[in-house]
Amino acid sequence: MRLLVTRPEPDASALAEQLVALGHEPVIAPLMQVRFHDTLLDLGGLTAVLFTSANGVRAFAHQHEPPPGVIALAVGDATARTARDHGWQDVRTAHGDVTSLAMLATETLKRGEGRVVHVCGEQAVGDLSGALAAEGYRVERRVMYVACAARELPDNARLALAGGSLDGVLLLSPRTAKLFGTLVTEAGLRTQASRLVAFCLSDAVATAAFVGFGARVKVAAKPDIGHLLALLSA
């Protein structure tokens, strides 16, 4: 299949390599660009850092080395791999969403013992700090990056849609799905986009895709890349 890849770089290229290995033809057209804030954190007394995205790990690494003895709690496998790639030694992995990450934190950390920081972007999904506060944990939320939305559909995506050469689009967040719907509508290509299969990471992404451009949707059994790619051969 010829598939549109909408993730920001460097994740778009990494996903494209996986698609090629599976025999598909990716068209890389990022709809967002990630920019790191020059934010220095106070690392004193830190026990754990919670990461809800690989970009959170990269944003932390933009300013800091992993503090010795501090645990990294990652939302899913891809974020955990990124943490290990950036030098984190003790990495614990949740099951791909904020709910499971909050559960992992309660199983791993003791209430009131050391500082816990959640590194996230300006458009963080879910209320991790609130969920943990309800369980008696105090979590400091630190915004360290922003994902800037494209103002128009990338040229290669527009041409591929107009020419009818795409079979599907990979969508990994509700925000991206909504943005894709907005951009294809503004480009006058909503009808063409509605003919695609939208391969979605979660039910929330699928809902945004359907509302945004009327896509036929397929949803990963679990919110991770492996299960998303499994949809392509299902």
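Numbers for the structure displayed
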quantity: Of all residues making up segment 85-99, the number that are part of a loop (DSSP other than H, G, I, E, B), more than 17 Å from residue 222 (Cβ to Cβ) and open to solvent by 50 Å² or more (accessible area, probe 1.4 Å); calculated: 3
quantity: Condition broken by residue 189, with the remaining ones in (1) surrounded by 22 or more Cβ atoms within 10 Å (Cβ to Cβ); (2) of a type outside the set (Ser, Thr, Tyr); (3) at pLDDT 95 or above satisfied; calculated: (1)
quantity: Output for segment 207-234, where each listed residue is in contact with a Lys or Arg (Cβ under 9 Å, 6 or more places away or on another chain) and more than 19 Å from residue 15 (Cα to Cα); calculated: 208, 209, 210, 211, 212, 213, 214, 215, 216
quantity: 1 or more residues touching a Cys at 6+ places or on another chain (Cβ under 6 Å) and over 16 Å from residue 51 (Cβ atoms): qualifying strands (runs of 3 or more DSSP E) within segment 100-206; calculated: 168-171
quantity: Selection count, segment 139-160, where residues are without any contact (Cβ under 8 Å) to a residue 40 or more places away in the chain and either open to solvent by less than 40 Å² (accessible area, probe 1.4 Å) or closer than 27 Å to residue 226 by Cβ (or both); calculated: 1
quantity: Check on residue 21, closer than 30 Å to residue 163 by Cβ, surrounded by fewer than 19 Cβ atoms within 10 Å (Cβ to Cβ), small (Gly, Ala, Ser) and modelled with pLDDT under 95; calculated: no
quantity: Filtered residues of segment 170-186 (kept if more than 14 Å from the chain's Cα centre (by Cα) and either more than 20 Å from residue 148 (Cα to Cα) or open to solvent by 60 Å² or more (accessible area, probe 1.4 Å) (or both)); calculated: 178, 182, 185, 186
quantity: Residue check, residue 66 in contact (Cβ under 8 Å) with a residue 60 or more places away in the chain and surrounded by 15 or more Cβ atoms within 10 Å (Cβ to Cβ); calculated: no
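The values are calculated or read from the model by the stated rules, or taken from the named source; none is laboratory data. Fair warning: this is a prediction, and the values are worked out from it, not measured in the lab. All Cβ positions, glycine included, derive from the backbone under ideal geometry; neighbour counts span all protein chains shown. To get the accessible areas, we keep the full protein, side chains included, count just its heavy atoms, and leave off ligands, DNA and RNA. Shrake-Rupley method; radii C 1.70, N 1.55, O 1.52, S 1.80 Å.
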